[in-house]
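Asks: I'd like to ask some things about the structure below.
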Amino acid sequence: MTQTVAVLGTGKIGEALLSGMIRAGWSPAHLLVTARRTERAQELRARYGVEAVSNAEAAKRADTLILAVKPQDMGRLLDELAPHVAADRLVVSAAAGIPTSFIEDRLTAGTPVVRVMPNTPVLVDEGMSVISGGSHATPEHLVHAEEIFGGVGKTLRVPESQQDAATALSGSGPAYFYFLVEAMTDAGILLGLPRAQAHDLIVQAAIGAAVMLRDSGEHPVKLREAVTSPAGTTISAIRELENHGVRAALIAALEAARDRSRELASGNG
């Protein structure tokens, strides 16, 4: 890990990556950060012992550039970086909906680009980062990206053509669970439980169910059936979910998220 890595746009996700890399063994001496505000740059320098530099300086010095800016800021950032990024640099984009071709077209011909879609649980080292290589990215470049993002959770390689679907499932996925927990908490209150108790019951049920899904290797149908006894409480609840079209609504919601990701990729923001 002797290469120099620069995180450009060190907001919440960028800082999570930075801290995860340090915990994974990266030396702060080989890490650079950029930030819009001087106070933010000073805060990162004091907290992690890294050097804060300008975007242009990062492009000149770093072997790997991680672009952790918002999608709407990507074009402006690339215009700033283009004169300084040599073709032997690796550029990693963590901006939703931005295809590798958009970045490749604005940098020196042949520059390797890797596209990554992390989700917000990277903030607690439980993220899922979906990784795709651009036209000039090699297997070694993809492994390097996995080493970086593996410090804050799991990684999964997919063809770039599947990134919009992955964004719908994984990138936006935590929000669906928060929405479900919110609705179940309201139901618990309606059933007579205090909000705090309803919240604790649901959150622990969610954690336990997620761990069982991850560690048992069982299909979710089998795990659900293990809870669903004949003529019992669970099957009565499942019947109502099916009657209200919850399964169809989830499918439609994920299709809408995928379609919106495609719109963003095409520049229809």
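Asks: Within the set of other residues whose C-beta is less than 15 Å from the C-beta of Ala257, count the net charge using Lys and Arg as +1 and Asp and Glu as -1. Show your work: numbers first, answer last.
Replies: On the way: positive: Arg258, Arg260, Arg262; negative: Asp164, Glu255, Asp259, Glu263.
Counting the neighbours of Ala257, the net charge comes to -1.
Asks: Here's a follow-up. Taking the Cα-to-Cβ direction at Leu250 and at Leu193 and moving 7 Å from each Cα, how far apart do the two end points lie in nm?
Replies: Taking the two extended label points, one gets 1.9 nm.
Asks: Classify region 78-196 as rounded, prolate or oblate, taking a ≥ b ≥ c as the square roots of the eigenvalues of its Cα gyration tensor: rounded when a/c is under 1.5, otherwise prolate if a/b is larger than b/c and oblate if not.
Replies: prolate
Asks: Label point 7 Å out from Gln3 along Cα-to-Cβ: which residues of region 49-66 have amide N under 18 Å?
Replies: From region 49-66, the list is 58-66.
Asks: What is the sum of charges around Ala56, taking Lys and Arg as +1, Asp and Glu as -1, for the other residues whose C-beta is under 12 Å from the C-beta of Ala56?
Replies: -1
Asks: If you restrict to DSSP beta bridges whose two residues both lie in the chain, what percentage is antiparallel, to the nearest 5?
Replies: 15
Asks: In addition: Quick one: check the C-alpha center-to-center distance for region 179-193 versus region 110-176, whole angstrom.
Replies: What the calculation gives is 33 Å, centre to centre.
Asks: What ranking, highest mean first, results for peptides 141-153, 37-49 when packing means the other Cβ atoms within 10 Å averaged over each residue?
Replies: So the peptides 141-153, 37-49, ranked by packing, come out 141-153, 37-49.
Asks: Is the C-alpha gyration tensor of region 1-90 telling us rounded, prolate or oblate? Criteria: a/c under 1.5 is rounded; beyond that, a/b larger than b/c is prolate, otherwise oblate.
Replies: Verdict is oblate for region 1-90.
Asks: Still on this model: Choose one of His144, Gly171, Met117: the residue whose Cα lies farthest towards the positive end of the charge dipole of region 100-187 (beta-carbon charges +1 Lys, Arg; -1 Asp, Glu; about the Cα centre).
Replies: So the residue we want is His144.
Asks: Give me the extension gain from Gln72 to Lys60: residue separation times 0.36 nm, minus the current Cα-Cα distance, reported in nm with one decimal. Mind dumping the intermediate values first?
Replies: On the way: separation 12, 0.36 × 12 = 4.32 nm, distance 2.35 nm.
Stretched out fully, the Gln72 to Lys60 stretch lengthens by 2.0 nm.
Asks: Report which label in (i) 153; (ii) 116; (iii) 138 holds the value of volume of the Cα convex hull per residue in Å³ derived from the coordinates of this structure.
Replies: Given (i) 153; (ii) 116; (iii) 138, the calculated one carries the label (i).
Asks: Share of antiparallel DSSP beta bridges in region 108-253, in percent to the nearest 5?
Replies: 45
Asks: Shape call for region 167-222 from the C-alpha gyration tensor, a ≥ b ≥ c root eigenvalues: rounded (a/c under 1.5), prolate (a/b greater than b/c) or oblate?
Replies: It is oblate, given that a/c is not under 1.5 and a/b is not larger than b/c.
Quick note: the coordinates plus some simple rules give every number you see, no bench work behind them. From a predicted model like this one, the values you see are computed outputs, not experimental measurements. Every residue, glycine as well, gets a Cβ built from its backbone with ideal geometry; the counts of neighbours run over all protein chains shown.
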